[in-house]
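Each remark here refers to the structure printed beneath this line.
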Amino acid sequence: MQLLYQVNEKPPKGVTFFLALQHMLASIGGIVAVPLIVGGAIGLPEPDIVTLISASLFVSGLATIVQCLGVGPVGIRLPVVMGSSFAFLGALIAIGKTEGMSTILGAAFVGSFFVILASFYMDQIRKLFPNLVSGVVVTLIGLTILPVAMNWIGDAPPGDPSFASLPKVFLAAASLAVVIGVSVFCRGAIAASAIVIGLAAGYVMAIPLGMVDLTQLYEANWVAAPEPLKYGLTFSLPAIISITLVYLVVVAEATGDFMALGSNCHVEVSGKDLKRGLLGDGLGSTFGAMFSAMPVASFSQNVGIVGISGVASRYVVALTGCLLVAGGLFPKLAALAVTVPKPVLGGVGFVMFGMIAYAGIRMLLKAADSRRNALVVCVGLASGMAVTLEPNLLQHFPDSLKTVFHSGITTGTLATIVLNQLLPKSKKSTENAQITAKSILIKPDKHAARLVAAKARRAEQLAASK
């Protein structure tokens, strides 16, 4: 896909604001959801939950600005949106229910240094992620977060009679149709703004359906300052181990996100770039714990926006960071964005998440089409989707292993890396014959292959003699 704006280009100011707004609208729901769910699950009073949300928006915005613009050795300098990761939910709730917010923040603070340490070994880690592995990881990121969009469309607990009611499905489908229509039939800045136009159109359609709830907007304060160390920091070894295992997931996901983003931005992501990006991830979570916010990580959905809009400008997303900071300081602004109905987000999410999977498929096309590589891809994708579609496969695993393997991205990544390292690589990656399920499993006839090669050489020699 041809880019409308390159990584280091600055669109006109009005266009920049509009494009930054769509990144904010796509990410703010996820950023708000994590502290909202965690705070409610562990029994925090409502004013404390609001404070937690504001702190998470504030920290996410600052981390986004640093990632996009860079500060010395920190920040990948690509259009990365940072936010509260759903990967942390299970561990944060488990810790919070037994030991409270101070232990959550203490564990997040110590665990963030694992990401910082990992960033200094990215040259070695990068070697584990050739196009073959990166393609599987990025494809899994897109496929495994599709259920998030489905749950947004359902907008109710699974099994509830109101889950995915016809008005909700209609709203999601209509929002998706607007995004597709604008992307296909419009040009320039309008086409690049397809996501925010789809969100706006869905929002307008939701009003007469009675699906826009403005309660949070009315109840939110106008101004809220960050409160550093509001809950303090308490250090518990089991909690630190649990969070550190989740950070391992985050390192794998962030590496895949950065590779996918590089692909969408048409730039080569080096080991040094990954180091700066992961350093930004780790320090963002360190800073977040100090400011009573949830741990942060790169947001996959915004990678999809870059792919579909063709806008790779890091200055656009840096402005998104400023908007998120404003959302943290002025809760009324954040509350307005949060009123976007979830079915609208779900319909637009189909495009965003699907675009991530598409970026992974493009990476896989760059890898050699060989029997050995086909096995690596098949097993990697199947492993990741298996635990995503049927989590009960892990029900007899120890809790520590469940924490690691519950993420399809982590399971698929580990399976792909191990197979890619263990399976012998062929000396020549010249198997141009069509790969089928049968050909993957059946050993080739080497004698027949030699005869075909000999005939090809003789034909070349005859052609040359003429």
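Results, tabulated for the structure shown:
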quantity	calculated
Length-normalised contact order of the range 320-429 in % [C-alpha pairs under 8 Å, at least 6 apart]	23 percent
Cα gyration tensor, the range 211-256 - rounded (a/c under 1.5), prolate or oblate	oblate
Kirkwood hydrodynamic radius of the range 328-394, from inverse mean 1/r over distinct Cα pairs, in Å	15.6 Å
Student exercise, the chain dipole from Lys, Arg, Asp, Glu Cβ charges, in Debye to nearest 20	2400 debye
Two-site FRET efficiency, Glu219 against Lys127, from Cβ-Cβ distance with R₀ of 60 Å, rounded to 0.05	0.70
Relative contact order of the range 1-139, pairs being alpha-carbon contacts under 8 Å that are 6 or more residues apart, as %	19 percent
Average Cα contact separation per residue, the range 243-314, under 8 Å, 6 or more apart, as relative contact order %	36 percent
Amide proton proximity set for Ser85, modelled H, under 5 Å, gap of 5+	Ala297
Rounded, prolate or oblate (a/c below 1.5 giving rounded, otherwise prolate when a/b exceeds b/c) for the range 26-89 by Cα gyration tensor	prolate
Extended-chain gain in nm, criterion 0.36 nm per residue less alpha-carbon gap, Phe170 and Leu69	32.4 nm
Shape of the chain, Cα gyration tensor, a/c cut at 1.5	prolate
The range 171-215 residues near the modelled Thr339 label - backbone nitrogen below 13 Å, point 7 Å along Cα→Cβ	203-204, 206-208, 210-215
Which of Ala107, Thr244, Pro331, positive extreme of dipole for the chain (C-beta unit charges)	Thr244
The chain: DSSP helices with Cα axial extent of at least 20 Å and average Kyte-Doolittle hydropathy no lower than 0.5	13-41, 46-69, 101-119, 166-185, 237-265, 314-329, 342-366, 371-389, 408-422
Positive-end residue, the chain charge dipole about Cα centroid, Cβ charges, pick of Gly354, Ser134, Gly256	Ser134
Full-extension gain in nm, Ala156 to Glu9, via 0.36 nm per residue minus C-alpha separation	48.8 nm
Along each principal axis, Cα extent of the range 122-216, largest first, Å	55, 41, 25
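Each value in this text was obtained by applying a stated rule to the coordinates, not by laboratory testing. Because the structure is a prediction, the values reported are computed rather than measured. No Cβ is skipped: glycine too gets one built from the backbone with ideal geometry, and neighbour counts run over all protein chains shown.
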